[in-house]
1. Given the structure, is L414 in contact with a helix residue (DSSP H, G or I) (Cβ under 6 Å, 6 or more places away or on another chain), in contact (Cβ under 8 Å) with a residue 24 or more places away in the chain and part of a strand (DSSP E or B)?
2. Just to be sure, is M344 open to solvent by 60 Å² or more (accessible area, probe 1.4 Å), at pLDDT 75 or above and in a helix (DSSP H, G or I)?
3. Does F229 count as within 21 Å of T321 (Cβ to Cβ) and assigned to a helix (DSSP H, G or I)?
4. Name every residue in segment 423-454 that is touching a strand residue (DSSP E or B) at 6+ places or on another chain (Cβ under 8 Å) and either open to solvent by 20 Å² or more (accessible area, probe 1.4 Å) or hydroxyl-bearing (S, T, Y) (or both), in order of residue number.
5. Is it true that some residue in segment 153-162 is open to solvent by 10 Å² or more (accessible area, probe 1.4 Å), in contact with a Ser or Thr (Cβ under 8 Å, 6 or more places away or on another chain) and closer than 25 Å to L298 by Cβ?
6. Only one of (1) part of a helix (DSSP H, G or I); (2) without any contact (Cβ under 8 Å) to a residue 60 or more places away in the chain; (3) not aliphatic (A, V, I, L, M) fails for G100. Which number is that?
7. Within segment 63-92, can you find the residues that are of a type in the set (D, E, K, R) and either free of Cβ contacts under 8 Å to residues at least 60 places away in the same chain or open to solvent by less than 40 Å² (accessible area, probe 1.4 Å) (or both)?
8. Determine whether segment 502-510 contains at least one residue that is at pLDDT 80 or above, out of contact with any Leu (no Cβ under 9 Å at 6 or more places or on another chain) and not hydroxyl-bearing (S, T, Y).
Amino acid sequence: MMIQTNKLSVKKGSLAFIDKKDLILLSIIFVITLPFLFYFKIKYDFPPGYAGFQAQISEVLQTTDFKFPDFIPYYGSGGFPFAYPPLAFYIMAIAMKVFGIGLFSYLKYAPNFFLLLTFIFFYLLSKRLLGSRIKAFIATLFLASSSGVIGYHYPSEGVTRGLAFLFLVASLFFLSEGIHKRRHFILSAVVWGLCALTHPVYAVIGSLSAFVFIVFLYDKHISKKISLFINYFFIGFLIIGPWLFIVISRHGLTPLTSAFSTHGTVSFITHLTNFENFYKLFESVIIPSHETVVLTGLSLAGVVYYLLRADIFLPFWFVSTAVLGGMEGQRFVALVASLVSADMLVRIINPKGIQTGKRIVKVVCLTVVLVISVVYITNRMTKITAYKPYMDNESIKGLGDWFMDNAKDSNYLLLSVSEGEHEWMPYFIKANPVVLPFGAEWKGDYAQQGVMLQKVMSCAREKNLMCYKNLAIDTGLKYDYLIIRDDYKTLGISADNNFKLVFEDSSYSVWEN
């Protein structure tokens, strides 16, 4: 595959980097994706996914007039040091306090806005790398139909992940343009800095991708490439330097090192030195069951095809992203897989290339490609955007009001099989969960809290009170209140003299321990 590095022409009066043909193709992408991105969110009042963690941080910023806080209460099983990259939370807090946007409205629709902007930048990046509008169009449709991409960025968690993904893709586009114009190189470094101020994992993948781009796409001597790489991250660190200074001066390096050891992102050495771990990584990231044969098969075939042609840019980017991305890295591999799959699909349907041959041949080939792509994405988007809320607003409001009036800042244990319900609960009731991994990565006990939460959810599935009591005894859990969802009577808790019913509605009951 020939990487296109000649400057693309931009007609006078057109948008920067985009001409009329691009606008038409992008409009088609929006027409296809918009109904799926918005329908399921308009259908429900409560935002899909879980973002109580984000909502709590945003609330703290609003109540302190945007001063950088030391700690965030409730999450991380009683509060955690605020060492999380803050940009997304400040944007959310400003949108709510200054512009009056409601919490649920922001959580539902901001991720969609970020995704649509990401599609634009990815289309432009694909056009630059593949040298073809139609390939860029198909690659963007493939990206939009990836479970890894939509699953991590479409729900309410996308207020942080989605923004970081946007910065990641935008930084790579500007870096591809920076081959010819230094201002685009500088802009790419600045955008990478914004990515690092939004989410640490995306910053890691962004730095890896920038390294790959500079090494393979920049026609420079090795010493010059090293210099470019150093300059790139020097500019980026100028952006994140003030935040790092505040965090380290207040909390030291412990929160940062603790967070980077979670989610399996930077523990790539364990994936390479242990066959079982490597196979799990391969199965989860490169051939995940939630993707399709089309995207997975074409991308793997493409990687082999490029290697046979001694073209190692995309294969190297593909493999290195898969390894460094960890067990949750499919969303990043999808970037490269979409590019490779689009290129391979066009090659298979029209081996001689779209730009050659008679007009009727080009029309037929383009029509076949478009039909396959549109049918594919509409089928995929219907499945992967059908999220449902974990709870309803009315029931959680009543429970939250009771806790605010009677038991604010107390300790509680929630009996629920829903991880999302566990995540949202502290925000609404303003109490401390004795078991909750969200936020715990900044305290260093993320893994332990994650194991505990799985045990609690397992007891909830069994609907066995003794399971909880034994778990509390074995682990030393101490809580003031037990919150039970729905059919508490099957637990037999009403006959246990150690618990007293203090609140009950149609969805929850609260028992004092």
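1. Values: in contact with a helix residue (DSSP H, G or I) (Cβ under 6 Å, 6 or more places away or on another chain): yes; in contact (Cβ under 8 Å) with a residue 24 or more places away in the chain: yes; part of a strand (DSSP E or B): yes.
Yes; evaluated as a whole, the condition is true for this residue.
2. Values: open to solvent by 60 Å² or more (accessible area, probe 1.4 Å): no; at pLDDT 75 or above: yes; in a helix (DSSP H, G or I): yes.
Here the answer is no, as M344 does not meet what is asked.
3. On the way: within 21 Å of T321 (Cβ to Cβ): yes; assigned to a helix (DSSP H, G or I): yes.
Judged against the criteria, F229 is a match.
4. Looking only at segment 423-454, we keep the residues that are touching a strand residue (DSSP E or B) at 6+ places or on another chain (Cβ under 8 Å), and these are 425-426, 429, 431-435, 439-440, 442-443.
Selection gives N432, V434, K443.
5. Taking segment 153-162 and keeping what is open to solvent by 10 Å² or more (accessible area, probe 1.4 Å), we get 157, 161.
If we keep only those that are in contact with a Ser or Thr (Cβ under 8 Å, 6 or more places away or on another chain) too, we end up with none.
So far as segment 153-162 goes, no, none of its residues is open to solvent by 10 Å² or more (accessible area, probe 1.4 Å), in contact with a Ser or Thr (Cβ under 8 Å, 6 or more places away or on another chain) and closer than 25 Å to L298 by Cβ.
6. With (1) part of a helix (DSSP H, G or I); (2) without any contact (Cβ under 8 Å) to a residue 60 or more places away in the chain; (3) not aliphatic (A, V, I, L, M) applied to G100, the lone miss is (1).
7. Of segment 63-92, the ones of a type in the set (D, E, K, R) are 65, 67, 70.
Scanning segment 63-92 gives D65, K67.
8. Step one: filter segment 502-510 for residues at pLDDT 80 or above, giving 502-510.
Keeping just the survivors that are out of contact with any Leu (no Cβ under 9 Å at 6 or more places or on another chain) gives 502, 504, 506.
Then keep just the ones that are not hydroxyl-bearing (S, T, Y); that gives 502, 504.
There is at least one residue in segment 502-510 that is at pLDDT 80 or above, out of contact with any Leu (no Cβ under 9 Å at 6 or more places or on another chain) and not hydroxyl-bearing (S, T, Y).
The values are calculated or read from the model by the stated rules, or taken from the named source; none is laboratory data. This one's a predicted model, so the numbers in the text were calculated from it and none came from an experiment. Don't worry about glycine lacking a Cβ; one is built from the backbone with ideal geometry, like all the others, and counts go over all protein chains shown. In case anyone asks, the SASA skips ligands and DNA or RNA and just uses the protein heavy atoms, side chains included. Shrake-Rupley method; radii C 1.70, N 1.55, O 1.52, S 1.80 Å.
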